[in-house]
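The values are calculated or read from the model by the stated rules, or taken from the named source; none is laboratory data. These numbers come from a predicted model, not from an experiment. Cβ coordinates were reconstructed from backbone atoms using ideal geometry, including for glycine residues, and neighbour counts include every protein chain displayed. For the accessible areas, the whole protein counts, side chains as well, though only heavy atoms, and no ligand, DNA or RNA atoms are used. Shrake-Rupley method; radii C 1.70, N 1.55, O 1.52, S 1.80 Å.
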Amino acid sequence: MTDDSNDTHLTRPLAGKVAFVTGSGRGLGRTIADKLASLGADVAIHDLNDSGPAKYGEADNLSEVAESIRRHGTRVTTVFGNIGDAAAVATMYETITAELGDVDLLVNCAGGDIGAAGGKPNPNNALDISLVDIQTEINNNLIGTMLVCQAFVRPMRDRGAGAVVNIASAAAHMGGSNEAVYSTLKAAVVHYTRCLAAETRPFGVRVNAVSPGPTKTARFQATRVTDPTMMETNDSFLRYGDPEEIADAVAFLVGPTAKFIHGQVLRVDGGLTLFPG
Ligand SMILES: NC(=O)c1ccc[n+]([C@@H]2O[C@H](COP(=O)([O-])OP(=O)(O)OC[C@H]3O[C@@H](n4cnc5c(N)ncnc54)[C@H](O)[C@@H]3O)[C@@H](O)[C@H]2O)c1
């Protein structure tokens with residue numbers, strides 16, 4: 001092995017891998033896709049529609065996000081569609097594999113506490129949230145994750161290789177009246193991660209989850225009154241997270257140094273959830 005290939009192994013540990021990050025037109029997903037590309041992966045970025053990145057002013061469209069990620073020198077392609085729609089997911093699979101080849105790394109990041117009208121459901125508690133908001137949240141957070149796993153993890157199982165990270169939430173680990181349905185669905189994503197990990201264990205496909213605490217994405221900041229004392233990124237744990245801190249955890253879990261970590265949930269929340277489960 002030459003010095004050059006040694007360097008590549010260390011600085012670009014995901015070189016030669018193809019990654020699909022759902023919900024990567026903006027927010028956490030975009031930061032994760034950018035991180036995986038910086039480590040050498042070819043990436044497929046995705047949003048609900050081409051203008052998804054514009055919703056909170058992060059970019060005009062998916063092409064602009066793709067162009068920005070291409071600065072890392074890897075291949076980048078774009079797809080869009082509703083992850084809760086099996087036909088749309090099948091089209092995403094066909095497009096990505098035709099353009100980039102087999103997907104090795106899957107990050108299910110699309111989702112959020114978004115109701116039918118586009119913002120947070122109102123009311124947003126267990127007893128009063130509307131049925132249409134419940135159904136939208138189930139689609140965005142649970143059915144979508146399951147459909148994307150079915151489409152992309154079956155081929156990984158058949159090839160006997162791959163790594164998956166499902167993005168859950170600190171909310172998955174705590175009971176609370178506010179965001180009751182979202183929290184319940186993210187708890188389901190954690191449990192689905194464990195069930196899928198049991199299923200893929202004999203086939204060498206690793207499946208883990210990351211549960212971010214409150215993290216400073218554009219959507220996060222646009223949809224609540226933030227606490228100014230929590231906004232600064234510093235050595236304190238008493239603050240909001242940075243998207244890069246979540247992306248680092250995902251990059252670790254899909255990468256070679258996590259090769260014996262399977263079926264786990266990594267809570268990246270500065271110790272907000274200091275209890276088992
Ligand atoms: N930011 C936080 O504080 C935080 C904390 C915990 C968990 N999370 C989770 O991290 C993920 C990203 O959150 P974010 O803050 O970046 O929000 P965001 O709204 O900026 O990103 C969510 C992305 O998912 C896409 N999406 C949602 N439903 C979809 C669907 N049905 N089909 C296709 N695309 C869909 C959106 O269009 C968007 O691109 C979400 O799953 C969210 O629940 C975020």
Taking only the C-alpha atoms, wrap a convex hull around segment 3-268 and report its volume per residue in Å³ as a whole number.
131 Å³
Name the residue from Ile129, Met230, Ile96 whose Cα lies farthest towards the positive end of the charge dipole of segment 3-268, charges +1 on Cβ of Lys and Arg and -1 on Cβ of Asp and Glu.
Ile129
Report, to the nearest whole %, how much of the accessible area of segment 3-268 belongs to carbon and sulfur atoms, 1.4 Å probe, protein only.
54 percent
Could you compute the FRET efficiency for Thr11 and Glu99, with r as their C-beta to C-beta distance and R0 at 35 Å, rounded to 0.05?
0.90
Percentage relative contact order, segment 3-268, counting C-alpha pairs under 8 Å, at least six apart
18 percent
Which part of segment 84-114 falls in the paramagnetic zone of Asn178, meaning amide N under 19 Å from the point 7 Å along Cα-to-beta-carbon?
112-114
Can you give the accessible area per residue of the chain, in Å², using a 1.4 Å probe?
46 Å²
Keeping every protein chain in place, order Thr273, Thr97, Thr257 by accessible area at 1.4 Å, biggest value first, i.e. largest first.
Thr257, Thr97, Thr273
Near Gly144, within a Cβ-to-Cβ distance under 15 Å, what is the net charge of the other residues, with Lys and Arg +1 and Asp and Glu -1?
-3
Between 0 and 90 degrees, rounded to the nearest ten: what's the tilt of helix 144-159 against the longest Cα principal axis of the chain?
20 degrees
Given a 1.4 Å probe and heavy atoms of the protein chains only, how would you sort Glu179, Glu67, largest accessible area at the top?
Glu67, Glu179
Accessible-area order for Lys216, Lys35, Lys55, Lys259, largest to smallest, probe 1.4 angstrom, reads Lys259, Lys55, Lys35, Lys216
State the three equivalent ellipsoid semi-axes of segment 151-277, derived from the C-alpha gyration tensor as the square roots of 5 times its eigenvalues, in descending order and whole Å.
29, 16, 12
Please work out the Kirkwood hydrodynamic radius for segment 141-186, using every pair of different C-alpha atoms, and report it in angstroms with one decimal place.
12.2 Å
C-alpha long axis of helix 27-38 to longest principal axis of the chain, angle in °
10 degrees
Full extension from Ala116 to Ile138: what is 0.36 nm times the residue separation minus their Cα-Cα distance, to one decimal in nm?
6.8 nm
Calculated from DSSP helices alone, with each H run of at least 4 adding -39500 (n - 2.57) and the total divided by the residues of the chain, [θ]222 nm to the nearest 500 comes to -12000 deg cm²/dmol
Cα-based convex hull volume of segment 3-64 per residue, rounded to whole Å³:
72 Å³
Share antiparallel - DSSP beta bridges, the chain, percent rounded to 5:
0 percent
Could you pull out every one of the lysines with an alpha carbon less than 23 Å from that of Lys35, ignoring same-chain neighbours closer than 8 positions?
Lys17, Lys55, Lys216, Lys259
What value does segment 229-277 have for Rg/Rh, both radii from Cα atoms and Rh as Kirkwood defines it?
1.02
Taking R0 as 22 Å, what's the FRET efficiency between Asn49 and Gln221 from their Cβ-Cβ distance, rounded to 0.05?
0.50
Report the rotationally averaged projected area of segment 91-201 based on its alpha-carbon convex hull, in square nanometres.
7.5 nm²
At 20 °C and a viscosity of 1.002 mPa s, what translational diffusion coefficient does Stokes-Einstein give for segment 1-139, taking Rh as the Kirkwood radius over Cα pairs? Give it in µm²/s as a whole number.
133 µm²/s
Residue with peak Gaussian network fluctuation, the chain [Cα springs, cutoff 10 Å], from Asn125, Asn166, Asn234
Asn234
So if R0 is 45 Å, what FRET efficiency would Asp235 and Ala87 give, r being the distance between their Cβ atoms, rounded to the nearest 0.05?
0.40
